[in-house]
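Input: a single structure, listed below in structure tokens.
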Amino acid sequence: MSTKHFSFLLIACAICVSCTQPCRILWTEGPTDPATGQALHTLEIQNPPAGTDWTVWFSQFRTPVTMEDGAPGTIEHVSGTLYRVAPSGADGKIMTLRYLARPLVNQCRAPEGFYLQQKGRKAVALKAEYNFLPAEPVRSFDYTPVTTGPFDMIPRLNSVTLLPSGSTDPSGAEVEPVVFVQGQAPGWYRITLKEGRISTEAADEDGAFYAGVTLDNLRRAGQSIPDAQIEDAPGMPFRGEMLDVSRNFTKKADLLRLIDILAHYKANYLHLHFGDDEGWRIAIDALPELTEYGARRCLPVLQDDGSIAEPDGLQPTYCVTDDPADPDSPGNGFYSHEDFVEILRYAWERRIRVIPEFDTPGHSRAAVKAMEVRAARTGDASCLLSEPEDTSEYESVQDYTDNVINVALPSTYTFFETVFDGLIALYAEAGVPLEAIHVGGDEVPDGAWTGSPACRELLEANGKSDIGWLKDYFLNRVMDIAEARGIKLAGWQDICQNLEPATLERLKRNLAFTNLWTVSHGRDVLPYEFANSGIPVVISSAPNCYMDFAYNDSKLERGHNWGGLVDERRSFSVQPFDMYRSVRWDDHRKPLDLTHAGEGKPALNKDSKELILGISGHLWAETLRSFDHVTYYLFPKSLGLFERGWHPYPAWAGTVQPDDPAFLQDFDQFFSIVVDHEYPYYDALGISYHRN
């Protein structure tokens with residue numbers, strides 16, 4: 001072969017290789033301009049298709065985007081967290097899009113899930129590379145380690161009295177049957193370890209189970225321990241965790257693993273947030289579209305006019321996939337009838353009550369769209385949640401314009417009856433108590449219902465002009481359904497606000513509890529205002545209880561920060577009966593003087609204390625992509641809440657300096673237990689967790 005021919009082949013091969021280079025993404029974080037507070041980020045599309053007959057889809061937490069002048073395309077927000085790149089015709093090996101937007105709070109909030117979609121072709125996932133600004137890990141707090149022993153566990157035991165008789169090996173001791181006694185508080189138990197025998201007394205099945213957990217912890221020590229008598233009981237009746245499985249799904253096997261860990265900490269409530277804008281995750285047999293459509297996500301169809309259609313599943317949000325059947329995508333999945341019955345029984349065997357929640361009438365896009373699909377496919381509009389003639393314009397806090405249930409439609413209440421009956425049947429089949437159905441009730445955006453003919457007719461028929469009255473109408477109709485079935489309701493704090501007095505009084509009689517989450521901007525008074533007015537409260541304060549908040553301000557940490565940063569010390573600091581002193585250090589680890597905390601604010605009345613039912617952690621799923629993320633956020637951050645739910649009156653209550661010796665001594669012991677006993681427990685389980 002001649003040199004000339006060989007050179008020609010090399011050139012041809014180079015051209016061929018160049019032509020087949022895959023499209024890739026390079027995203028570069030820009031520095032913040034102190035004058036504007038904005039950053040100039042760069043999205044580079046390498047080897048883009050020629051022409052303009054294509055788009056790149058991706059997900060990004062909502063941020064206003066301003067394109068640099070002369071950019072070869074635009075970045076357009078669709079809705080929720082879905083964005084697309086629209087090219088303007090520039091061809092070449094690299095398309096560089098520079099745009100002004102908010103600075104990156106942390107690296108987990110960078111754009112993700114890039115897909116190239118060309119007209120007439122199957123979408124292709126694109127590999128992405130990131131150039132982040134330098135960032136360093138942060139140590140959240142310091143503590144002084146103290147010596148721990150086999151009786152140290154979380155939540156800590158109320159009383160351990162050593163006996164003079166000797167020692168007992170909990171793994172080899174003779175265990176006597178539990179004796180149930182009367183006259184003790186719910187969950188109470190007493191264990192006596194003496195001369196190689198273990199006897200247990202308990203007030204109820206909860207107490208017997210908690211005694212078993214304590215014995216398991218003692219056995220884990222793997223050694224003989226001094227004979228002792230342990231007496232213990234929970235300080236609050238509600239000690240729980242909420243897991244959002246709507247926005248991103250947690251599979252059944254992983255949920256069962258989580259239930260085991262919650263039981264290890266003697267938690268007794270699991271609040272499953274299964275219905276929201278981004279997904280519906282529990283099968284309701286009478287409405288299969290809720291999961292056949294509402295539990296699936298895939299790329300939408302981009303129509304010629306620039307709008308999108310969602311024929312096969314909901315649009316991607318918080319993660320992106322093109323396959324609505326992809327079992328590995330956290331955007332897909334649901335608990336079947338059989339799955340959920342198994343989950344209920346599994347939890348109840350561990351004395352955990354499951355609270356189901358589908359958020360309404362806002363935060364309901366998955367249900368709204370699923371019922372539209374049902375009507376289109378079957379012709380059955382009996383459960384339709386939207387009105388085709390509704391011209392209302394609004395934008396929800398998560399950037400949707402179509403996520404609110406129309407509360408004037410009779411079909412809305414047929415839907416509620418059907419879902420309530422479906423849930424009741426599932427709990428009955430499982431043979432476990434249904435303590436409440438949580439209906440959300442939060443964050444209905446301004447503008448909803450204003451363009452609805454049905455809402456206008458309903459207002460006129462009742463002589464009303466204030467559109468806010470529709471909330472009263474909605475809640476009264478839902479209470480009709482609940483009362484007829486003997487079911488209690490639960491909701492977020494918004495459910496009790498801005499109501500007519502008669503509606504509020506009726507709601508109080510129907511409520512099992514409310515979750516009080518917003519305590520900033522003067523709203524820290526709400527927990528005690530609610531309880532003093534007769535509303536049952538579960539403390540869910542964002543600065544202490546939102547597990548999806550980052551552990552600290554390092555850009556390497558996953559999580560939100562809109563309501564603060566939550567680490568192990570912040571959760572430990574919550575005081576359900578002194579909420580004004582529940583944040584002792586700010587988000588940058590600076591101490592706060594609490595001397596005047598609570599001045600001029602309502603105190604909790606003595607006879608209202610029983611309405612502060614307990615504490616719940618809340619893990620929202622916007623930044624979750626795997627079960628590793630679930631456990632990393634929860635552990636050991638949640639342990640402070642489980643400790644405080646068991647011991648609501650810490651020895652340092654009333655102290656006004658964050659580093660008061662009483663607080664430091666208590667926290668040092670608590671966190672030493674975490675390090676000595678819980679880190680090895682997590683290692684044995686093989687789960688992801690955070691180390692300070």
Practice prompt. Note down the net charge around His677, summing +1 for each Lys or Arg and -1 for each Asp or Glu among other residues with Cβ under 9 Å from its Cβ.
Written response: -2
Discussion item. Given the stretch 159-232, report the % of alpha carbon pairs whose separation exceeds 20 Å.
Written reply: 23 percent
Worksheet item: Taking neighbour Cβ counts within 10 Å as the exposure measure, how do Arg121, Arg485 sort from fewest upward?
Response: Arg121, Arg485
Worksheet item: Is the stretch 515-629 rounded, prolate or oblate when judged by the Cα gyration tensor, a ≥ b ≥ c being the square roots of its eigenvalues, rounded requiring a/c under 1.5 and prolate requiring a/b larger than b/c?
Response: oblate
Worksheet item: What lysines could a cross-link reach from Lys601, if we take a straight Cα to Cα line under 28 Å and drop same-chain neighbours fewer than 8 places away?
Response: Lys508, Lys590, Lys609
Practice prompt. Only bridges with both residues in the stretch 22-131 count here: give the DSSP antiparallel percent, nearest 5.
Written response: 85 percent
Response to the item:
Kirkwood-based Rg/Rh on the Cα set of the stretch 405-495 evaluates to 1.02
Worksheet item: What is the calculated FRET efficiency for Lys127 to Ala428, with r their C-beta to C-beta distance and R₀ = 41 Å, to the nearest 0.05?
Response: 0.25
Worksheet item: Can you give the Rg to Rh ratio for the stretch 22-131, taking only C-alpha atoms and Rh from Kirkwood?
Response: 0.95
Item to complete: Scan the chain and note any complete DSSP helix (H) whose C-alpha atoms cover at least 15 Å along its axis and whose Kyte-Doolittle average is -0.5 or more.
Response: 3-19, 205-220, 252-264, 365-378, 410-430, 469-485, 661-673
Discussion item. Quick check: the distance between the Cα centres of the stretch 384-430 and the stretch 225-273, to the nearest angstrom?
Written reply: 30 Å
Fill in: Mean Cβ neighbour count within 10 Å, used as a protection proxy, ranking 228-239, 125-136 highest first
228-239, 125-136
Worksheet item: What does the charge dipole of the chain about its Cα centre add up to, to the nearest 20 debye, if the Cβ of each Lys and Arg holds +1 and the Cβ of each Asp and Glu holds -1?
Response: 1080 debye
Practice prompt. Treat each spin label as a single point 7 Å out from the Cα along the C-beta direction, and report the Asp142 to Arg456 distance in nm.
Written response: 6.7 nm
Worksheet item: Using a cut-off of 25 Å between alpha-carbon atoms, which lysines can reach Lys251, once sequence neighbours fewer than 8 places away in the same chain are excluded?
Response: Lys266, Lys369, Lys637
Worksheet entry | Peptides ranked, highest mean first, by Cβ atoms within 10 Å: ranges 59-66, 151-158, 314-321 | 314-321, 151-158, 59-66
Practice prompt. Considering Cα pairs under 8 angstrom that are at least six residues apart, work out the relative contact order of the stretch 534-678 and quote it in whole percent.
Written response: 31 percent
Practice prompt. Mind jotting down the distance between the C-alpha centroids of the stretch 492-519 and the stretch 200-224, whole Å?
Written response: 38 Å
Discussion item. If neighbour count is taken as other Cβ atoms inside 10 Å, put His363, His618, His264 in order from fewest to most.
Written reply: His264, His618, His363
Worksheet entry | Average projected area [Cα convex hull, the stretch 600-692], square nanometres | 8.5 nm²
Worksheet item: Taking the Cα centre of the chain as the origin and placing charges on Cβ (Lys, Arg +1; Asp, Glu -1), which of Tyr269, Ile535, Tyr632 is farthest toward the positive end of the dipole?
Response: Tyr632
Worksheet item: Tell me, how many Å apart are the Cα centres for the stretch 608-677 and for the stretch 24-79?
Response: 40 Å
Worksheet item: Quick one: of the DSSP bridges fully inside the chain, what percent are antiparallel, nearest 5?
Response: 55 percent
Practice prompt. Which order do the peptides 552-559, 161-168 take when ranked by the mean count of other beta-carbon atoms within 10 Å per residue, highest first?
Written response: 552-559, 161-168
Worksheet item: Could you work out the helix-only [θ] at 222 nm for the chain, with each DSSP H run of four or more residues adding -39,500 (n - 2.57) and the total divided by the number of residues, to the nearest 500 deg cm²/dmol?
Response: -8000 deg cm²/dmol
Worksheet, complete the sentence: Quick note on Glu622, Glu241, Glu278, ordering by fewest other C-beta atoms within 10 Å, gives Glu622, Glu241, Glu278
Discussion item. With a cut-off of 8 Å between alpha carbons and a minimum separation of six or more residues, what is the relative contact order of the chain in percent?
Written reply: 12 percent
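Throughout, read-outs are computed from the coordinates displayed, never taken from laboratory work. Keep in mind that this is a model prediction, so the values were computed, not measured. Here the Cβ is made from the backbone with ideal geometry for all residues, glycine too, and neighbour counts use every protein chain on show.
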